[in-house]
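Inspection log for the structure reproduced underneath, given as structure tokens.
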Amino acid sequence: MTASSRLPRADAVRNLSAILAAATQVFRDLGADAPLDEISGLAGVGRATMHRHFPTREHLFAAVLRSQVDALVEAADTRTAAADSWQALLEWISEYEEIGAQYRGMSARISTALLEDVSPVGEICAPMKTAFDVLFRRAQDLAHVRRDISGTDLLAIISALPRDPASGRARTAHLTVVLDGLRPSVPAAAPTR
């Protein structure tokens, strides 16, 4: 067995699991800019151990986002064949907003990462962007959604909207203006919560 094909040590697997669980909790409680020492302390590992697994905050945040991104990919895939492509788009955006509200500051990080594929968060979001783009193009074809904007542009705009401090979601008035602008001849309602 070569060094690269060895199974990870049991303590390394435990440390990784503890770091991810602690990061999820700390990011949820304190936001995406929470001190990394809080995470390593809660995980019961040293900062060096955490950095061996995740060299940067961005790498750690991307690992925490993986399950949410997977859920959004599945949500887009299941809505792709919906009879009402506009409603399917609104439902997916509502789910995207719900997930984005889980961690204070997450939407801003995602907004930046959506427009690049080289950062760890950008890489983790790539499958979500692809799945959403299929859903978005279907809405363009069937629901008269404007064609001068891409799905990625729309997600970046939504992620950059001002957030309601209580819910973490985009402020309803701002989101409604964006959604109304997608179908200029048909007023849109904001996604339901």
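Of note:
- Taking all protein chains as they are arranged and a probe of 1.4 Å, the heavy atoms of ASP33 leave approximately 110 Å² accessible to solvent.
- 1.4 Å probe accessible area per residue over the chain, in Å²: 51
- Prolate/oblate/rounded call for the chain, Cα gyration tensor, a/c under 1.5 rounded: prolate
- Anisotropy class of the stretch 120-186 from Cα gyration tensor, a/c 1.5 cut: oblate
- Were the residues from ASP117 through GLU38 laid out at 0.36 nm apart, the gain over their Cα-Cα distance would be 25.6 nm.
- Per-residue 3J(HN,Hα) values for the stretch 115-125, derived from phi via the Karplus relation 6.51 cos²θ - 1.76 cosθ + 1.60 with θ = phi - 60°, read 8, 9, 10, 8, 7, x, 5, x, 5, 5, 7 Hz in sequence order (x marks Gly and Pro).
- Largest accessible area first, the listed residues VAL118, VAL73 line up as VAL118, VAL73 when surface is computed with a 1.4 Å probe on the assembled protein chains.
- Estimated at the nearest 10 Å², the accessible area of LEU142 is 100 Å² with a 1.4 Å probe.
- Positive end of the dipole of the stretch 61-132 (Cβ unit charges, origin at the Cα centre): among SER85, ALA75, ILE124, the Cα lying farthest that way belongs to ILE124.
- Size of electric dipole in the stretch 3-87: Cβ of Lys, Arg +1 and of Asp, Glu -1, about Cα centre, debye, nearest 20: 480
- A 1.4 Å probe, protein heavy atoms only, puts the accessible area of THR152 near 40 Å².
- Each Lys and Arg adds +1 at its Cβ and each Asp and Glu adds -1 at its Cβ; summed about the Cα centre, the stretch 40-178 shows a dipole of about 480 debye.
- Shape annotation for the stretch 4-83: C-alpha extents along the principal axes are 52, 37, 17 Å, from largest to smallest.
The values are calculated or read from the model by the stated rules, or taken from the named source; none is laboratory data. Everything numeric in this text was worked out from a predicted model, so none of it was measured. Don't worry about glycine lacking a Cβ; one is built from the backbone with ideal geometry, like all the others, and counts go over all protein chains shown. Each accessible area value is taken on the protein alone, full model and side chains, heavy atoms only, with ligands, DNA and RNA left out. Shrake-Rupley method; radii C 1.70, N 1.55, O 1.52, S 1.80 Å.
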